[in-house]
Structures are given as structure tokens and as C-alpha cells.
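Q: Below you will find the structure I want to go over with you.
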């Protein structure tokens, strides 16, 4: 038995001793059942509201967390909205973006001055652009799944993070986000990271006073696409 | 980490006399309690969710061996290496070996109370590594050589002036006349210093708020995003988690997430909640190349068969300390080990022995607020009472205290003597204390009255009132 196996056996054996139980078919099937069919969670009323209300919730929560919230009618309007936001925030017209096919297909030619750098974020990138897998109305939470399309570092390294959310991915509660993740990656499978993002980075570690931009983005801009 | 819990009384006295600490505590702790109350009021389902949360943890603990095996299977499938650590020493060795094999020089860390519990930093530094805490609060105490004084606000005992002095002392190479008046300026400076560490680290170590058996994922919550840079930039990510962090499914994690931030800081949800599963996938342009999960027991499995099993439901929100009259008066360091406040008073004796930590379960007025606000409904006062009983049976209770208890017990067991005594004493005390309604000083009890007043009894005894009530005498 290797050292690693000995340690593993020790922990499992001590737990069984503590519980006064042993490895049985009945216990195993209880665990398998629970995982196969997650217990219906208690979903709060605020996470079960109709679509119109969900949009209002998302906006209220995110703005309450000092995020900028923009709405556009069509996907084609996104590049102009990004350019307007960058100009009004005195930021360079340059964004780092992954290989996301939806973002790639946008009408970038309408904003020739807006430069796109591709790949994961670098330490000196000022703006990251991502495409949300889901958004949760319950607490104004964006759900990002990592991969070549939306590298995880885009969410954290640049000082400004712009997230495009299609209204069709807007769900009521966290459970709805898992439905979308499971539909995309399969049951019991996850990408390397799923990030719930509910505002710009912050800290209250100095004298309990709230300061934005601790280590992650100082600014978060959410663009909701209605069509 | 070495414990100073045996010196609790001296620690507490020093804390009460420390003006700087008192100022820091008065600024933060009441705010956290008020924000929790507002968040709870904003979610009508909060109490029902507490009941759900408790049931999830009770179910998981009853099947903990099997859920751990299931987690191990799924995490391994996703490409993680899972290590079990029966003791703190095992955890230190495992992590040091991973760092050595990775050829690491710089290690960044997200906030992890378990790493404090096993004394990880000192061990890795002893092995020649540079270890950098990246949660701002943890960084502040690391540069001062201190330990956390709160489980979610580790630098709650520091004031802004102290932080400025430390930054000027330690951050060499920056302009001496730079302005550091506003918290934003201090945060910006820390961000700049730590950014370099994030980008040059070889290994990133985070804790875990939850481990999910369904997918083999680990979950962290932060507001700063430091945990995400810690686990996404270096080549190797190590998760250090204790056995009781397990939950069955993503939906179960949802319930606990709905409780955690509201109980901790009064936020609806923390800014970042991150689910990590294995290393970067084929085709991923970023994320760690290797991922290890180290699962620590360190005495917890021994609690499973005892009344203290309930304490393993704890999700480390810190609500019990924010609402504790003892914690908010003396801060966390007086408790002398990793976990302060009511949860520490129950957990510390379990992990380092009741003999070394006997003062802690006695450091409670049993006001019951900790149990009232605990999202996992852990009966903290009841468990502290258990420890007091064990202390008494083990003969660790001081002689004077034992004699006092004996005297009390012999009177309390004789109702006639007790009633006669109270009937005589009460009017006397009532008359003596009539002027102010309370005693500021009492003979033989100076230690007790130094920090509080004893209310003077008013009116008649309960027994007398009850006798009248039964006889039908109107009040």
C-alpha cells in the first residue's frame, strides 16, 4: 500500500468508525439516488418571476452593485454600445476577447476604430469582453463558463470587464443556470471554471470601508441584447 | 498554529484595555450584524432555507465516506489528483511535495482558514518558498506577522492608520511622499504590489467553501477576485479543504450559497462564486495545467460519533462572532487559536483538546444569539455546555469554582432552604440597591462587577407570586 493509499484508507475508515456504519448497498443507493436526481430545491419566489420582471431584477441588482447596465435591441447594436461605453469612460478602444462564435459574428465593421485582441488576458490588458452562458435574475448574477471561447482570465485580469448577455439566457434562479450548463456540457460534467459574477471586484478589509477594484475589475459593464 | 488559548483570561483583559483594538471592533462588527438582519428581512424564505441547509448537511455527514469517494471519482475523472490528509502534518507534507515537484518558487494563496489550522505558510517558507497571501485582509496580517482575528474579516482588528504605517514600512521602492489617506489609495497600492505576485506565481493555493460530489468541483466565494487570480494564473492549483465541506449536488450548493453571504456580510451573494473542476481542458488557453485537491480530516471524523457532529455543519460565515457580546468586546486574538467566537469555543476544544481550551466554552454569557443567527442552526450554547460538563468531569475546573458550584448545588437541591434564603436575601438586596437599581460594586465579586453591573432585585420572589396566582389572589 502506498503512503497515499494508507492516508486515504485512514480517513475513510475513521469516518465509518465515527458514524458507526459501514459500506452497504443501501447507503450506496441512497447516495446514488440523491446525485442522480437532485432534491427539488426550495427556490425563492423572487427566482420564479416572469421574463419581463427578470430583466428588471437583473438591472436593479447589478446597478445596485455599481455595475453599468446597457440594453440594446439587436446583436448588431453591440459593437456600437461597446464603443460608446469605452469612449464615455475614457478608455482605449481596444478589447481582449476569446474565440466566442456569437461575439465573432457581431457587426464589428460598423466600428472600425474598435480594436479586438484575441486570446487569454494579459496583465496589461485594460478591457476584457465576454459572452455570458446564463444570467440569474435572483441576485443579478452573470454565469461565465471557461473555455477557448471565453477564457477565464478575461473575467479577472483587465480593469474593465464587459459582458454581453442575450435575453434568452436570462433565468430566474441559480437552478436555471445549472440547467443551461448541463444542457451544454452534459450531466455531471463541468468546464474548468464556472464563474458567478455579481458586480465589480471589491473589498472592505481596510477599516470596514467599501472600495471597488480590489484585485479583479474595477468596472463591470453588462450589455443585455433583447432579440 | 500554536495555541495561546490557555492564556484566554489574560488575553481578554489585555484586549479590553487595548484602545486601538476597541476602536477597530466598534467600527466594523455592529455593521455586519445590521447588514445580516437587513438581508434576512429581504428574503422571506430565509428561515425555510436554514432548515433546508441543515438537512443537506445532516444527510451528507451521515453518508460522508461515500460522498467523499464519489467526489474523488468525479474529480479524478476531470483530471484532478485527490489526496487525503488524516492529520495536519500529512497535509503540510502533501502540499510541500506538490510544490517541490512543480519546481515552485512563489506560491500565492487565497483565503483559507484550514491552511491556518495546519500552519501551512510557516512550513512552506521553511521549505524555501515565498508564500504570498492575496486576500487583502490576509495580506495585511501576513505582513504584520499576525493571525486572523475573524474568519471572514481577518484584519478586523486593524485600523486604517495601522495599515498606512505598515505599507510605508514595507513597500520599499515607492515614493516616500505618496498620499495614502483614503482607503482607495491603500487598496490601489496593495493591488499593484500583489498583481506582480499573481503573475509570477508557480502554484496557487485556495481553500474551498464547498466540495460537490456530483461533479467533483470545488467552490470558493470572494469579493475581491483574489481567489480567481490565485487559481487561474499559476501552473498548478491546489485546493485545501476539510472533509465536512462536502455537499451532494449543485442544487444543494445553491441553498447554501443563498444562506452564506447573507449571514456573513449581509450581501445577497458574494461578488464572485467560482466552481472549479480539474485542470484546464484540452484547447483551453488559460487556467492551471495541474489541479490537486487535498482533503483534510485532522480530528473531524472523531466528532461524527459524538454530540459535536452538529458543529461539522458550519459553513464558516462568521455570523456567530458578529453577534457575540464576548467576541465583539475582545476580538478574535484573545481566543488564542484559529477559530474565534462561539464557533471557536466549540470547535477549538474538539481539535486541540478540552484541556488546552477549557476557558473558551466558559467565555459565553449563554445569551443564545449565536444559535439564533447560525444559518446551519448549530446549537452552539448547548455544545459549549457539553464542554463545560466534560471539563468538570475531567477535574479541570478550578478549585474555587468547583467549591462554589458544590455550595450552589447543595442549596439548590433543598427547595425549603433555597426558598427561605432567597425570601430573606431578596428584600435586603432590593433595599440596598434601590437608589440606582443596580450594584456597580459587590464585595468578593470585584472581578465580575468590573465590566458589568448586577441588577438589584425588584418586588417579590417568583415562588411567592406563583403561590398567589394559584390561590387566585389578583396582582
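Q: For segment B:293-313, which positions are in contact with a helix residue (DSSP H, G or I) (Cβ under 6 Å, 6 or more places away or on another chain) and in a loop (DSSP other than H, G, I, E, B)?
A: Those that are in contact with a helix residue (DSSP H, G or I) (Cβ under 6 Å, 6 or more places away or on another chain) and in a loop (DSSP other than H, G, I, E, B): B:297, B:298, B:299, B:300, B:304, B:305.
Q: Pull up segment A:203-222, narrow it to residues that are crowded, with 23+ Cβ neighbours inside 10 Å and in contact (Cβ under 8 Å) with a residue 24 or more places away in the chain, then point me to the one that is farthest from residue A:81 (Cα to Cα).
A: Step by step, filter segment A:203-222, then rank; the result is A:215.
Q: Output the number of residues of segment B:259-281 satisfying the condition of being more than 7 Å from every other protein chain (Cβ to nearest Cβ) and not in a loop (DSSP other than H, G, I, E, B).
A: Total meeting the criteria: 6.
Q: Scan (1) out of contact with any helix residue (DSSP H, G or I) (no Cβ under 8 Å at 6 or more places or on another chain); (2) under 24 Å from residue B:360 (Cα atoms); (3) in contact (Cβ under 8 Å) with a residue 60 or more places away in the chain for the single condition residue B:13 breaks and write down its number.
A: (3)
Q: Regarding residue A:169, is this residue at pLDDT 95 or above, in contact with a strand residue (DSSP E or B) (Cβ under 6 Å, 6 or more places away or on another chain), more than 28 Å from residue A:90 (Cα to Cα) and more than 10 Å from chain B (Cβ to nearest Cβ)? Quick ask: steps written out before the conclusion?
A: Details: at pLDDT 95 or above: yes; in contact with a strand residue (DSSP E or B) (Cβ under 6 Å, 6 or more places away or on another chain): yes; more than 28 Å from residue A:90 (Cα to Cα): yes; more than 10 Å from chain B (Cβ to nearest Cβ): yes.
Yes, satisfied.
Q: Does residue B:178 satisfy being part of a helix (DSSP H, G or I), more than 28 Å from the chain's Cα centre (by Cα) and away from chain A (no Cβ under 11 Å)? Before you say what the answer is, go through the steps one by one.
A: Numbers: part of a helix (DSSP H, G or I): no; more than 28 Å from the chain's Cα centre (by Cα): yes; away from chain A (no Cβ under 11 Å): yes.
Taking the combined requirement at face value, the residue does not satisfy it.
Q: If you don't mind, there's one more thing I want to ask. Out of segment A:70-79, which residues are in contact with a helix residue (DSSP H, G or I) (Cβ under 6 Å, 6 or more places away or on another chain) and either within 14 Å of chain B (Cβ to nearest Cβ) or surrounded by fewer than 19 Cβ atoms within 10 Å (Cβ to Cβ) (or both)?
A: A:70, A:72
Q: Still on this structure: Checking residue B:284 against (1) surrounded by fewer than 24 Cβ atoms within 10 Å (Cβ to Cβ); (2) facing chain A (nearest Cβ under 7 Å); (3) part of a helix (DSSP H, G or I), only one condition comes out false. Which one?
A: (3)
Q: Please return the ranges of helices (runs of 4 or more DSSP H) entirely within segment B:77-145 where 2 or more residues are touching a residue at least 40 places away in the same chain (Cβ under 8 Å) and either within 24 Å of the chain's Cα centre (by Cα) or under 23 Å from residue B:223 (Cα atoms) (or both).
A: The helices (runs of 4 or more DSSP H) meeting that bar are B:88-101, B:113-117, B:136-144.
Q: With segment A:85-155 as the region, which strands (runs of 3 or more DSSP E) entirely inside it contain at least 1 residues that are within 16 Å of residue A:217 (Cα to Cα) and within 13 Å of chain B (Cβ to nearest Cβ)?
A: The qualifying strands (runs of 3 or more DSSP E) are A:94-97, A:127-131, A:141-145.
Q: Name the residues in segment B:231-247 that are over 27 Å from residue B:56 (Cα atoms) and either more than 9 Å from chain A (Cβ to nearest Cβ) or modelled with pLDDT under 95 (or both), would you?
A: Matches in segment B:231-247: B:234, B:235, B:236, B:237.
Q: Would you pick out the residues in segment B:316-336 that are more than 14 Å from chain A (Cβ to nearest Cβ), part of a loop (DSSP other than H, G, I, E, B) and buried (at least 24 other Cβ atoms within 10 Å of the Cβ)?
A: Hits for segment B:316-336 are B:317, B:323, B:324, B:332, B:336.
The values are calculated or read from the model by the stated rules, or taken from the named source; none is laboratory data. No experiment lies behind these values; they were computed from the predicted model shown. Cβ atoms come from the backbone with ideal geometry, glycine included; neighbour counts cover every protein chain shown.
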